[in-house]
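The values are calculated or read from the model by the stated rules, or taken from the named source; none is laboratory data. Here the structure is a predicted model, which is why all the values come from computation and not from measurement. Backbone-built Cβ (ideal geometry, glycine too); neighbour counts: all protein chains shown.
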Ligand SMILES: NC(=O)c1ccc[n+]([C@@H]2O[C@H](COP(=O)([O-])OP(=O)(O)OC[C@H]3O[C@@H](n4cnc5c(N)ncnc54)[C@H](OP(=O)(O)O)[C@@H]3O)[C@@H](O)[C@H]2O)c1
């Protein structure tokens, strides 16, 4: 009911604000506010911090640094083994809970008893509710697990739900079997692997796209951040290669969650809103696509 009201409010806003409509339309990035309206009726920041491979104190301090620097979107997962640290960093940050957007994920090993897995995630994060819950990969029992997430939405335990590592074929098969259209799909996306067919397919369904490994992923960042084309564009704007890549994503409607434990990098990765890439620069980065995945899924 609450969700329906929120959706109605968003649609009403759309109907009455005329030219402001673009800023409140589902899936359209507001590059001033740094947020996007989801099909669930909630808004989400469009840049955040990824926490894959950050564990224990490193995770806690990275999330704390990010929150202190204005980052309001944090991506974690059961598989990362750091939900407790993420939750504690949010609770101890002094930032109001409702200002922070936390994404976590259920792993395929949990799909057989997704209800218990959702309760476990709620306990581990200890933030009252989960802003966004994703299925981490396609796998046995994924439809049933998603239905458990739909029930958690109805119960108010989870606000929005979505998928990760679902591509066109998987979505064609999956979507007719579920009730709530995913609010988000999180897939590998960087200049060497751009998913130029998958991204518009997903966006045209009113689903927001989020990219993992935005900087190529650990072990691959040197080549991407040293790419001559990207460095040339960076020099023209007085920005870093990382900022150019992140901004390129934002301008094509892809939410970014770069991972970092370095406060200077975390800060740099927030400074994405005081410049814009030209169409020519967007095209030059588009031309770098080589369909090169940096992980198997
Ligand atoms: N759904 C999935 O299946 C899936 C899979 C993989 C990842 N993810 C999510 O996506 C997030 C991002 O991926 P990732 O963290 O693995 O890779 P990434 O963001 O592409 O790259 C992280 C690497 O970039 C470096 N870095 C970050 N900011 C930088 C900057 N401004 N300048 C130079 N280097 C910089 C980091 O080093 P420093 O620590 O030194 O800054 C780290 O080595 C993950 O954390 C996770 O939340 C999801």
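Residues to consider are 140, 150, 169; find the one that is more than 14 Å from the ligand (Cβ to nearest atom), at pLDDT 95 or above, more than 21 Å from residue 80 (Cβ to Cβ) and not in a helix (DSSP H, G or I). Criteria check complete, one pass: 140. Restricting 178, 208, 199, 185 to those that are away from the ligand (no atom under 16 Å from the Cβ) and in contact (Cβ under 8 Å) with a residue 24 or more places away in the chain reduces the list to 178.
Of all residues in the stretch 202-237, those satisfying the criterion of being assigned to a helix (DSSP H, G or I) and either buried (at least 16 other Cβ atoms within 10 Å of the Cβ) or in contact with a helix residue (DSSP H, G or I) (Cβ under 7 Å, 6 or more places away or on another chain) (or both) are 202, 203, 221, 224, 225, 229, 230, 231, 233, 234, 237. Take the residues in the stretch 47-85 that are away from the ligand (no atom under 14 Å from the Cβ) and closer than 24 Å to residue 109 by Cβ; name whichever of them is surrounded by the fewest Cβ atoms within 10 Å (Cβ to Cβ). Looking at the filtered set, the residue picked out is 56.
The residues of the stretch 261-277 that are part of a loop (DSSP other than H, G, I, E, B), in contact with a strand residue (DSSP E or B) (Cβ under 8 Å, 6 or more places away or on another chain) and more than 22 Å from residue 194 (Cβ to Cβ) amount to a single one, 270. Has the stretch 273-285 got at least one residue that is closer than 24 Å to residue 54 by Cβ and either within 10 Å of the ligand (Cβ to nearest atom) or touching a helix residue (DSSP H, G or I) at 6+ places or on another chain (Cβ under 8 Å) (or both)? No.
Checked against the criterion of being assigned to a loop (DSSP other than H, G, I, E, B), surrounded by fewer than 16 Cβ atoms within 10 Å (Cβ to Cβ), on the phi < 0 side of the Ramachandran plot and more than 15 Å from the ligand (Cβ to nearest atom), the stretch 86-93 contains one or more residues that satisfy it.
Here is the figure for the stretch 116-137: residues that are in a helix (DSSP H, G or I) and loosely packed, with under 15 Cβ neighbours inside 10 Å total 3. Out of the stretch 10-31, which residues are assigned to a loop (DSSP other than H, G, I, E, B) and at pLDDT below 95? Residue satisfying the conditions is 25 alone.
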